[in-house]
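Asks: Following this message is one structure expressed as structure tokens.
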Amino acid sequence: MSELRELAEEAGISTRWVRADGEQAEVEDMPLRQILAAMDLPCETETQCRQSRSELAEERRRTALPPMLTGWCGDGIELDPLSGLHGHDYKLTIEGRVHEGSFPSDRAEPLILPPIVVPGYHTLEANGRQVTLAVAPRRCFELSDMSEGRQGDGKFWGLAVQLYSLRREGDGGIGDFTALRMLAQAAGSRGASALAISPVHAMPGMGISHFSPYSPSSRLFLNALHIDPGAIIDPETMNALIAEDLCATRVRSGLEDASLIDWSVASHWRINLMRKLFERFRTEGGDEEAFAAFRREGGEALEDHARFEALRAYCVMQGVEAYWPKWSQEYRDPRRPEVAAFAQQHAEEVDFQAFLQWQAARGLEAAQQAARAANMPIGLISDFAIGSDRGGSHAWSRQGEMLNNLSIGAPPDLFNTEGQDWGLVTLCPRAMRREGFHAYIEMLRAVMRHAGGVRIDHILGLSRLWMVPQGATPACGAYLRYPMQDMLRLLALESHLNRTIVIGENLGTIPEGFNEAILGAGVLGMQVLWFMRDGNDFLPPDEWARDGIAMTTTHDLPTVSGWWDGSDIAWKCRLNILNPKATLDSEVHQRACERHALRHALHEFRADVPANSSGLEPEDAPLGDIFAFVGSTPAPLVIVPLEDVVAETQQPNLPGTVEEHPNWRRRVSVSADRILDDPLIEERLAELAAARHREIQ
């Protein structure tokens, strides 16, 4: 193996990968060099490769005793023999109690700490050094661990909703936390245990052209556009503020009547109104003590985010790109004195950005409290995006820990022959270990803070991520390995500390042994109706797994009604994004066969569903029968998207498109507090609820 490939493997880059057809593929030299360069490992010549390998070896020696070590409850934690602790005494502090011991003097013997049975963050002191020990329970917090609710039969159900799509009177054209609270109350009153929501991470500010909730500015903070201004002040004052600007009043009316969100106009309207409310807060007083406490708790991370947003707005006003790598040099580093000076000179704008985060946190917290008050044992299930926008606040404030010159994506496969580049950046595995996993833990705590569950998008990222060098095509990438055991243990620990169940999107090409590892740690996998098949036949409910949630569909797939009538095929044909080997006729024929197979499975499940031999072809999808089918699986939790509940034919997002399809813009047609009142919808949900309590034979 060449020096380049040796270096790549030692840096955690896989020089080979398995294609969708099962064949081995070699990563070419150029992508390896580009990825290594992005990881600050020079590799243009063999001499540079050798020097970088020496640097990696020296780094391993320096971090033989890293700031944090992880382990499972009941297992001994083995330390690196290069840590230099042979023959030294040590102290273990566990929940305030000190336990002393000694490491063996013989360097041939392993350095193993005695098993710790108490989960939590503990402290090891030895030879003048201090290390945090993160000791995780064997499994994540589970539905069976819940002390309240309906854990008797262990079978829950819930809804999934694109938060931005919710509608209520006076919402200004974007779904907000008040609408979410209304829906939670309505769903809880009908027996739902959970409400899964689209990501609510902080989004790029106004002037940014994209608005996918999976491309956030930061995964540490919240989307201020989901704030309900009316939740901050009384309705009379609110209406008076709006009425001050007749044009704004007309704009709001148009936004609220539209079936699609106009993100640019709606966000401008929302933020301008929030500025008026902030000015009232400053001049007329408010709960300043609570605001100050929120900022203290947010610490440096919140201050960085607020400064970034203030800087971004300032640069845009000056005609500079919103993309921070294009800013003048003094503003590109959050630790530069010029940034501190800017924050002092523009303190009011920085305060405003912190105020937005405070109000967003209060809104999300209120929605979770309402869900629990409505007898939901889980309540909200938040969504944790796989990465963040390279031009966002997280990439700016954590530059030493981010791979800002690499994008997460996917290699070529049968459906995306050119591969995918998602334009997202994420943490560097070397930096994670070097910094004691601080940034990873910080994100887990943020996404779990106001939720009873978390869905981890593309959970395969615990093991590896396909990295694409900036400017390269998606096919010119490679897999970068991540410290899966450390990340899984920290996920299990934070899950218990926050009493949050964990769901992992384990769809796609799965590395060998990956599912066994996450399911063994109590992470619930995802089972989606369209993929639950044996050849062409849909699996009966009793053959679905017990260690994954069951779903009719997801935001990236056709809705049940859209799948039934072929709306997704029509869109793909219109946009010329059908599978390269497919035609419209072949896709329509294939869908007819699949529909036939589903009807057969439904008939086998319950005889009152007409058999295919009856010659009847229902025009509309038999949603109640399908809900009962999925609801009868042994999955501990069944999630049905709101789009399926209301028989929507259009999916929220069509992968492979940006502006050609109205991704992340569709709104539901009925107010959130009344949307479940329709008799047909109540009947469908009753079918689902009844199915959840049937015994699986």
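Each reported figure results from applying straightforward, stated rules to the coordinates on display, with no laboratory input. None of these values were measured; they are calculated from a predicted model. Every residue, glycine as well, gets a Cβ built from its backbone with ideal geometry; the counts of neighbours run over all protein chains shown.
Asks: Grab the other residues whose beta carbon is less than 15 angstrom from that of Arg139, score K and R as +1, D and E as -1, and report the net.
Replies: So the surrounding residues net to -2.
Asks: Let me ask something else about it. What residues qualify as long-range amide H neighbours of Gly436, i.e. H under 5 Å apart, gap of 5 or more or another chain, H built at 1.01 Å from N?
Replies: Met68
Asks: If the label point is 7 Å along Cα→Cβ of Arg60, which residues in the range 100-119 have backbone nitrogen under 17 Å from it?
Replies: Residues 111 fall inside that zone.
Asks: Please compute the alpha carbon radius of gyration of the range 250-331, then divide it by the globular-protein estimate 2.2 N^0.38 Å. Two decimals is fine.
Replies: This ratio for the range 250-331 stands at 1.41.
Asks: As a footprinting exposure proxy, order Asp542, Asp585 by other Cβ within 10 Å, with the fewest listed first.
Replies: Asp585, Asp542
Asks: Give the lysines whose C-alpha is closer than 19 Å to that of Lys572, dropping any in the same chain fewer than 8 places away, or say none.
Replies: Lys581
Asks: Among the trypsin sites (Lys or Arg not before Pro) within the range 452-535, which fall in a DSSP loop and have no more than 15 other Cβ atoms within 10 Å of their own Cβ?
Replies: Hits after loop and neighbour filter: Arg499.
Asks: Enumerate the calculated ³J(HN,Hα) couplings along the range 65-78 in order (Karplus 6.51 cos²θ - 1.76 cosθ + 1.60, θ = phi - 60°), each rounded to whole Hz, writing x wherever the residue is Gly or Pro.
Replies: So the Karplus estimates, Gly and Pro as x, are 10, x, x, 9, 10, 10, x, 9, 4, x, 9, x, 9, 8 Hz.
Asks: Given a Förster distance of 30 Å, report the FRET efficiency between Ser253 and Lys326 from their Cβ-Cβ distance, rounded to the nearest 0.05.
Replies: Using R0 = 30 Å, I get an efficiency of 0.20.
Asks: Considering only DSSP beta bridges where both residues belong to the chain, give the percentage that are antiparallel (nearest 5).
Replies: Once the DSSP bridges in the chain are tallied, antiparallel ones form about 55 percent.
Asks: Want the number for Arg190 to His693: 0.36 nm per residue separation, take away the alpha-carbon distance, what's left?
Replies: 179.6 nm
Asks: Next up: Which whole-Hz ³J(HN,Hα) couplings does the range 403-412 yield from phi under the Karplus relation 6.51 cos²θ - 1.76 cosθ + 1.60, θ = phi - 60°, glycine and proline marked x?
Replies: Along the range 403-412, the couplings run 9, 6, 9, 10, 10, 6, x, 8, x, x Hz.
Asks: Using a Förster distance of 56 Å, how high is the FRET efficiency between Asp75 and Asp234, based on the Cβ-Cβ distance and rounded to 0.05?
Replies: Rounded to the nearest 0.05, the efficiency is 0.50.
Asks: When a footprinting reagent is the concern and you count Cβ atoms within 10 Å, what order do Thr123, Thr553, Thr559 take, fewest first?
Replies: Least to most surrounded, the residues fall as Thr123, Thr553, Thr559.
Asks: Let me ask something additional. By counting other Cβ atoms within 10 Å of each Cβ, how are Trp327, Trp396 ranked from fewest to most?
Replies: Trp327, Trp396
Asks: Once fully extended, how much extra length lies between Asp534 and Leu414, figured as 0.36 nm per residue of separation less the alpha-carbon to alpha-carbon distance?
Replies: Extra length available between Asp534 and Leu414 comes to 41.3 nm.
Asks: Per-residue HN-Hα couplings for the range 531-547, Karplus 6.51 cos²θ - 1.76 cosθ + 1.60 at θ = phi - 60°, whole Hz, x for Gly and Pro?
Replies: With coefficients 6.51, -1.76 and 1.60, one gets 9, 8, 9, 10, x, 8, 8, 6, 5, x, x, 6, 9, 6, 7, 8, 10 Hz.
Asks: Something else: Given (i) 40, 34, 28; (ii) 75, 28, 19; (iii) 81, 27, 25 as candidate values of semi-axes √(5λ) of the Cα gyration tensor in Å, which corresponds to the one derived from the coordinates?
Replies: The value computed from this structure is option (i).
Asks: At what distance in nm do the modelled label points of Glu442 and Asp333 sit from each other, each positioned 7 Å from its Cα along Cα→Cβ?
Replies: It works out to 1.8 nm between the two label points.
Asks: Follow-up. Using alpha carbon centroids, what distance separates the range 1-67 and the range 354-413, in Å?
Replies: 31
Asks: What number in nm² do you get for the range 1-159 if you take the convex hull of its Cα atoms and divide its surface by four?
Replies: For the range 1-159, averaging the hull's shadow over all directions gives 16.3 nm².
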